[in-house]
Amino acid sequence: GVQIIDISDPTAIVAKDAQDDGDSGGFDELGNTIDVDTFTIGTSTYAIAVAYIDDGVQILNITDPTTITATDDETDGANSFTELDGARDVETYTIGSKTYAIVTGYLDDGVQIIDISDPTAIVAKDAETDGVNGFTELNHPEDVDTFTCGSRTYAIVTTTTGDGVQLIDVSDPANIVAIDAETDGVNGFTMLDAAYNVEAFKIGSKQYAIVTSFSDDGVQMIEMPCRNS
């Protein structure tokens, strides 16, 4: 399930609304909820949660933290959603006036792009699987983060079984493209064994990522050159 917490006073946080999988009102994709991200459409605030056991995503209107509502949900294998089996992590991003999400499908060995611009009717866009179309590091994808470089938007994905990272151009949500991939033990990458979590950040004009390695007990710093057009 999900729990809303008022953290306005960090010395006295307060429980607000909470919802469980299967609750009335359309809360159907919260089974083993594992990650969440928030986004804003107009004057409303929403959350997208990924459910590992339910193999899906749940959209929540959290504008009123005391009464959250389910607005839409989707499951792997329905309505062109093909890479949500073992949905593991989610990151939202915007392209122009549109808002999208990228979800890692741990058991599908892939990623799913979703148009969430209308939170009441989300739409599957592109999806890619390990070993196809140049995607070589999506074997059990774990975490994902997005970043921009010039006019382009990218995602970096970690893979626990693949022991590496996959860089993806997600600027065109209907046609995402594999840009680069690296594996533990190759090209100076020494801390990607069971690559687990990733965070992208910028210093000056340089774009970097820090990756945690579950099996190497370490972290890997990565500089990510990217195309500006």
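Can you confirm whether TYR52 is open to solvent by less than 70 Å² (accessible area, probe 1.4 Å), of a type in the set (Phe, Trp, Tyr) and within 20 Å of PRO173 (Cβ to Cβ)?
Details: open to solvent by less than 70 Å² (accessible area, probe 1.4 Å): yes; of a type in the set (Phe, Trp, Tyr): yes; within 20 Å of PRO173 (Cβ to Cβ): no.
No; evaluated as a whole, the condition is false for this residue.
The set of residues in the stretch 61-92 that are of a type in the set (A, V, I, L, M) and closer than 21 Å to ASP143 by Cα comprises LEU84, ALA87, VAL90. Out of the stretch 45-80, which residues are in contact (Cβ under 8 Å) with a residue 60 or more places away in the chain and under 19 Å from SER117 (Cα atoms)? Passing the criteria: TYR46, ILE48, VAL57, ILE59, ILE68. Scanning the stretch 111-151 for residues that are at pLDDT below 95 and on the phi > 0 side of the Ramachandran plot yields one hit, GLY150. Against the test of being open to solvent by 40 Å² or more (accessible area, probe 1.4 Å), closer than 29 Å to ASP193 by Cα and not aliphatic (A, V, I, L, M), the options ASP130, ASP145 yield a single qualifying residue, ASP130. Filter the stretch 11-20 for residues that are surrounded by fewer than 17 Cβ atoms within 10 Å (Cβ to Cβ), assigned to a strand (DSSP E or B) and of a type outside the set (A, V, I, L, M) and give the result. Once the filter is applied, which keeps residues that are surrounded by fewer than 17 Cβ atoms within 10 Å (Cβ to Cβ), assigned to a strand (DSSP E or B) and of a type outside the set (A, V, I, L, M), the stretch 11-20 yields LYS16, ASP17. You will find that of ASP145, ASP126, the residue that is under 25 Å from ILE203 (Cα atoms) and not in a loop (DSSP other than H, G, I, E, B) is ASP145 and no other.
If I filter the stretch 94-110 for residues that are farther than 24 Å from ASP72 by Cβ, buried (at least 18 other Cβ atoms within 10 Å of the Cβ), out of contact with any Asp or Glu (no Cβ under 9 Å at 6 or more places or on another chain) and at pLDDT 95 or above, do I get at least one hit? Within the stretch 94-110, none of the residues are farther than 24 Å from ASP72 by Cβ, buried (at least 18 other Cβ atoms within 10 Å of the Cβ), out of contact with any Asp or Glu (no Cβ under 9 Å at 6 or more places or on another chain) and at pLDDT 95 or above. May I ask you to verify whether SER171 is hydroxyl-bearing (Ser, Thr, Tyr), closer than 19 Å to ILE95 by Cα and modelled with pLDDT of 95 or more? Yes. Residues in the stretch 86-123 that are free of Cβ contacts under 8 Å to residues at least 60 places away in the same chain, of a type in the set (A, V, I, L, M, F, W, C) and in a loop (DSSP other than H, G, I, E, B): LEU107, ALA121.
Of all the residues that make up the stretch 81-93, how many are open to solvent by 40 Å² or more (accessible area, probe 1.4 Å), closer than 16 Å to ASP115 by Cα and not β-branched (Val, Ile, Thr)? Residues that pass the stated criteria total 1. The condition (being surrounded by 16 or more Cβ atoms within 10 Å (Cβ to Cβ), under 19 Å from PHE147 (Cβ atoms), among the hydrophobic types (A, V, I, L, M, F, W, C) and free of Cβ contacts under 8 Å to residues at least 60 places away in the same chain) is satisfied by just one residue among ALA194, ALA200, ALA209: ALA200.
Which residues, taken from the stretch 168-181, are assigned to a strand (DSSP E or B), open to solvent by 20 Å² or more (accessible area, probe 1.4 Å) and hydrophobic (A, V, I, L, M, F, W, C)? Even if it seems obvious, please write down each step before you answer.
Within the stretch 168-181, the first condition is being assigned to a strand (DSSP E or B), and the residues that meet it are 168-169, 177-181.
So of that shortlist, the ones also open to solvent by 20 Å² or more (accessible area, probe 1.4 Å) come out as 177-181.
VAL177, ALA178, ILE179, ALA181 - these are the residues of the stretch 168-181 that are assigned to a strand (DSSP E or B), open to solvent by 20 Å² or more (accessible area, probe 1.4 Å) and hydrophobic (A, V, I, L, M, F, W, C).
Determine whether the stretch 21-29 contains at least one residue that is open to solvent by less than 30 Å² (accessible area, probe 1.4 Å) and either at pLDDT below 95 or part of a strand (DSSP E or B) (or both). Show your work before the answer.
Initial filter on the stretch 21-29 (open to solvent by less than 30 Å² (accessible area, probe 1.4 Å)): 26-27, 29.
Checking the rest, the ones that are also either at pLDDT below 95 or part of a strand (DSSP E or B) (or both) come to none.
For the stretch 21-29, residues open to solvent by less than 30 Å² (accessible area, probe 1.4 Å) and either at pLDDT below 95 or part of a strand (DSSP E or B) (or both): absent.
The values are calculated or read from the model by the stated rules, or taken from the named source; none is laboratory data. Keep in mind the model is a prediction, meaning the values are calculated, not measured. Quick reminder, even Gly has a Cβ in these numbers, built from the backbone with ideal geometry, and neighbours come from all protein chains shown. Ligands, DNA and RNA are excluded from the accessible area calculation, which covers all protein heavy atoms including side chains. Shrake-Rupley method; radii C 1.70, N 1.55, O 1.52, S 1.80 Å.
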